[in-house]
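To keep things clear, I will list the structure first and then write my remarks on it.
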Amino acid sequence: MRLIVASHPSSVEHDTSRNHPERPQRVNAVLQGLQDSRLEIDKVLSPEVDRKHLERVHDVDYINTLEAFCSMGGGALDMDTIVSSESWKAALTAAGGVVAAAERLEGETDATAFVVARPPGHHALSDRAMGFCMFNNVAVANGMLRSKGQRVAIVDWDVHHGNGTEAMVKNDPDVLYVSLHQSPFYPFEGLITSMDEEPKGTTLNIPMGEGTAGDVYREAWGSIVLPVISQFAPDWILVSAGYDAHRDDPLAGLRLISDDYGWMASELASAFPTERTIFVLEGGYNLDALRDSARATVEGAAGLFQASEPLQSPEGSFRDLDRARSVVSRHYRL
Ligand SMILES: [Zn+2]
């Protein structure tokens, strides 16, 4: 299988200050993992995003303010989100990479794509930077696909709930947002009951308690996430691929192993065409975990992967899934 890898050198020049966990080496770790995989790599230089795609999801005032702030040397946009003068170009190419990957995959067979970029995107709101994110890269590509009448499922396995993405797509019945995330945890949103607040049930939040491991993730994936995606029947899947639910991640408290990402990607690929699936880097702050998990993801998507057994979750974790199932079964057949 061919792997389209979209990236741009500016993503390692985005300077978040010394000792910040969201650091340039993350990009090289992921690129290394993809390079180590057994897929045929096709590198694409991520272009700067077209302004019209940005303006579909971000306020014009916000875009202009961010550009001016970076051009004056940057600084702290909030407690966690630090930018430099180079960040403007990095942000444009991060969003542009996802749009380019979607355009590139059109007409492809036996391929998939991975966008390796910083800053990440899923906490960014239409008018505000948040949680290391400037533009919501996945939401920008979603907006482009929606403008062509495509139905999209956004699947977010970053350990944090993608509050920005959910806020941007929740009123669109042709976009399914799925998030598995640690809860309670930053940004303190993403309850399972969100599904009941929408007429078409197009938000699927599956909160995971601290310590949850791959056994529960695989059960959730197979018995809830995949049936919901297949009933929703999207034209495209955008995966917000953060790797901070890994047990070695320094910021979060879940216990996935690299093989769990390979397992999820492989199950997804057996239910949905890989040439309509784009993996987009979000968080993940342990470099070895990033490298190994990114490799597992694409080898899983390509069917080249035999996953080892997952770790075991604390007692009671499966009961939380029963609660999720009872909400979801009011909207989908499980
Ligand atoms: Zn995260």
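The values are calculated or read from the model by the stated rules, or taken from the named source; none is laboratory data. Just so it is clear, the structure is predicted and the values come from calculations on it, not from any experiment. When we count neighbours, we look across all protein chains shown, and the Cβ atoms used for this are built from the backbone with ideal geometry, even at glycine. Note: areas computed on protein heavy atoms with side chains; ligands, DNA, RNA excluded. Shrake-Rupley method; radii C 1.70, N 1.55, O 1.52, S 1.80 Å.
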Calculated SAXS-style log₁₀ I(q)/I(0) at q = 0.20, 0.25 Å⁻¹ - segment 118-216, Debye, Cα scatterers: -0.99, -1.36
Rule-of-thumb Rg ratio for segment 2-328 [Cα; 2.2 N^0.38 Å; N residues]: 0.90
Once label points are set 7 Å from the Cα along Cα→Cβ at both Asp78 and Ser326, what is their separation, rounded to one decimal in nm? 3.3 nm
Relative contact order of segment 2-328: what whole-number percent is it, with Cα pairs under 8 angstrom and at least 6 residues apart? 20 percent
About the Cα centre of the chain, how large is the charge dipole given +1 on each Lys and Arg Cβ and -1 on each Asp and Glu Cβ? Please answer in debye to the nearest 20. 380 debye
Efficiency of FRET between Leu191 and Ser85 - r from beta-carbon atoms, R0 45 angstrom, step 0.05: 0.70
Output the peptides 184-191, 206-213, 15-22 sorted from most to least packed, where packing is the average of other Cβ atoms within 10 Å over each peptide's residues. 206-213, 184-191, 15-22
What ³J(HN,Hα) values, in whole Hz, does the Karplus curve 6.51 cos²θ - 1.76 cosθ + 1.60 give for segment 79-95 when θ = phi - 60°, with x put for Gly and Pro? 4, 9, 9, 10, 10, 10, 5, 6, 5, 4, 5, 4, 5, 5, 7, 5, 5
Accessible area of the chain belonging to carbon and sulfur atoms, whole % at 1.4 Å probe: 47 percent
Can you tally the lysine pairs in the chain where the Cα-Cα distance is under 24 Å and the two residues are eight or more apart, or on different chains? 7
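Suppose all protein chains stay in the model; what accessible area per residue would a 1.4 Å probe give for segment 213-276, in Å²? Provide the component values of the computation, followed by the final result.
Working: 1700 Å² over 64 residues.
Spelled out: the 1.4 Å probe surface of segment 213-276, per residue, equals 27 Å².
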Those trypsin sites (Lys or Arg not before Pro) in segment 36-99 that DSSP places in a loop and that have at most 12 other beta carbons within 10 Å: Arg38
Between Glu40 and Gln231, take the C-beta separation as r, use R0 = 25 Å, and let me know the FRET efficiency to the nearest 0.05. 0.15
Using 1/(1 + (r/R0)^6) with R0 = 45 angstrom and r between the beta carbons of Glu219 and Asn19, what's the FRET efficiency to the nearest 0.05? 0.75
Compute the distance in nm between two label points, each set 7 Å from the Cα along the Cα-to-Cβ direction, one at Arg151 and one at Arg319. 3.7 nm
Check Ser179: other-chain or 5+ apart residues with amide H under 5 Å from its amide H, H built from backbone geometry? Asp156, Leu204, Asn205, Ile206
